[in-house]
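A.B. asks: Sharing a structure with you now.
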Amino acid sequence: MYSTRAMTNNSDLIQQVNFIKEIDKLKYIQRRTKLFNSDRHENDAEHSWHLAMMTIVLAGHANKPVDVLKVVKMVLIHDIVEIDAGDTFIYDTAKSHDNTAEELLAAERIFGLLPAQQAEEFIALWKEFEEGVSEEAKFARSMDRFEPLLQNASNEGGTWQEFDVPYEKVYAKKKVIARGSTALWSYADNLLNESVEKGILKKG
């Protein structure tokens, strides 16, 4: 049995614990979307957990077979950079949602707290998610776009109504779901059309 003293002398463990403490800050990053049928805003940690569960449940609908564990890793780490960079609203007209230069600095700092091999793996996974080219990244990004769509539909339009976001802009942002899963996009597309019919999403 290892003593506490022996464990704390392990430099890798110390770095890993420091990283674990740092990412606790993700729980304080508030998103614009709200929980299902709720007035409470979701935080980034809740969002990432939900995407991980969605990945496990919905992976069978991916366009091509995916490494589920790799996708889970991607969705769990993809927003950690927002500890430094902050959450950018997907429909923000003043700042690009894909501000990867600022986020790369955040990735290098935060993941750099880990031992070198883990840091390299996490940064590589984060970059792969951002590039959205691999099958795993495509499906991970589908999860990231699908969850808030479901939330807004459950909240009488949610951020669509609050920020007067038109159907055309929502459609343009959400159609990326099809790259990871045409089945989920079909469901999402129908939900968008239903939202228009209900008057909670308006065409421009």
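A.B. asks: Tally Lys and Arg at +1 and Asp and Glu at -1 over the other residues with C-beta under 15 Å from the C-beta of Ser186: what net charge comes out? List each step's numbers first, then the result.
C.D. replies: Working: positive: Arg145, Lys174, Lys175, Arg179; negative: Asp189, Glu194.
Residues near Ser186 contribute +2 overall.
A.B. asks: So what does the Cα-only Debye profile of the chain read at q = 0.11, 0.14 Å⁻¹, as log10 I(q)/I(0), no solvent term?
C.D. replies: Scattering profile of the chain, log10 relative to I(0): -0.55, -0.85.
A.B. asks: Going by average Cβ density within 10 Å per residue, which order do the peptides 19-25, 36-42 take, highest to lowest? Let's see the in-between values first.
C.D. replies: Details: 19-25: 14.1, 36-42: 12.0.
Going from most to least packed, we get 19-25, 36-42.
Any read-out appearing in this document is the output of simple, stated calculations on the displayed coordinates, not a laboratory observation. Just so you know, these numbers come straight off a predicted model, no measurement behind them. So basically every Cβ, Gly included, is an ideal-geometry build from the backbone, and we count neighbours across all protein chains shown.
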